[in-house]
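The structure appears below as structure tokens.
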């Protein structure tokens with residue numbers, strides 16, 4: 001192998017490792033939901049090319065209100081699904097939609113658009 005071929009091979013392998021880490025192994029720290037006087041833990045989630053924030057941290061046994069605001073027209077982003085809670089919500093463009101949950105058990109609960117292109121996690125402590 002020539003030095004050029006070795007350099008290209010090493011560079012390609014490094015790019016593959018970075019892509020795998022960035023898309024599948026990177027762990028976001030999460031955004032803690034604000035505790036309100038009403039007893040709800042609440043956070044605003046922007047839907048635009050994904051969910052921002054996409055990792056939300058809450059306490060178990062306390063009600064959670066996730067406010068989704070959709071700022072795009074992509075077809076996949078028009079619904080959010082919480083399979084572990086048996087809930088879903090339609091997200092009209094330009095409107096804020098509240099999804100209320102009561103997580104009883106600690107754990108990680110995914111949420112996503114119906115096609116799974118937009119994904120997020122609810123971390124219950």
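Computed from the coordinates by the stated procedures, all read-outs in this text should not be read as laboratory data. These numbers were taken from a predicted model, which means no experiment stands behind them. For neighbour counting, all protein chains shown are included, and Cβ atoms are generated from backbone atoms with ideal geometry for every residue, glycine included.
Tabulated results
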{"item": "Test for residue 121: is it touching a strand residue (DSSP E or B) at 6+ places or on another chain (Cβ under 6 Å), assigned to a strand (DSSP E or B) and more than 21 Å from residue 24 (Cβ to Cβ)", "result": "no"}
{"item": "In the stretch 72-83, the residues that are within 25 Å of residue 106 (Cα to Cα) and loosely packed, with under 15 Cβ neighbours inside 10 Å", "result": "83"}
{"item": "Search result, residues across the stretch 56-71 that are buried (at least 17 other Cβ atoms within 10 Å of the Cβ), out of contact with any helix residue (DSSP H, G or I) (no Cβ under 8 Å at 6 or more places or on another chain) and over 14 Å from residue 100 (Cα atoms)", "result": "57"}
{"item": "Residue match in the stretch 81-92 (condition: more than 26 Å from residue 125 (Cβ to Cβ), in contact (Cβ under 8 Å) with a residue 12 or more places away in the chain and in a strand (DSSP E or B))", "result": "yes"}
{"item": "Qualifying residue in the stretch 1-14 (condition: surrounded by fewer than 10 Cβ atoms within 10 Å (Cβ to Cβ) and either closer than 18 Å to residue 125 by Cα or touching a helix residue (DSSP H, G or I) at 6+ places or on another chain (Cβ under 7 Å) (or both))", "result": "no"}
{"item": "Subset of the stretch 92-125 (residues that are within 15 Å of the chain's Cα centre (by Cα) and crowded, with 16+ Cβ neighbours inside 10 Å)", "result": "99, 109, 111, 112, 113, 118, 120, 121, 122, 123, 124"}
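Table: residues versus (1) in a helix (DSSP H, G or I); (2) in contact with a strand residue (DSSP E or B) (Cβ under 7 Å, 6 or more places away or on another chain).
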{"site": "21", "(1), (2)": "yes, no"}
{"site": "39", "(1), (2)": "no, no"}
{"site": "57", "(1), (2)": "no, yes"}
{"site": "67", "(1), (2)": "no, yes"}
{"site": "98", "(1), (2)": "no, yes"}
{"site": "104", "(1), (2)": "no, no"}
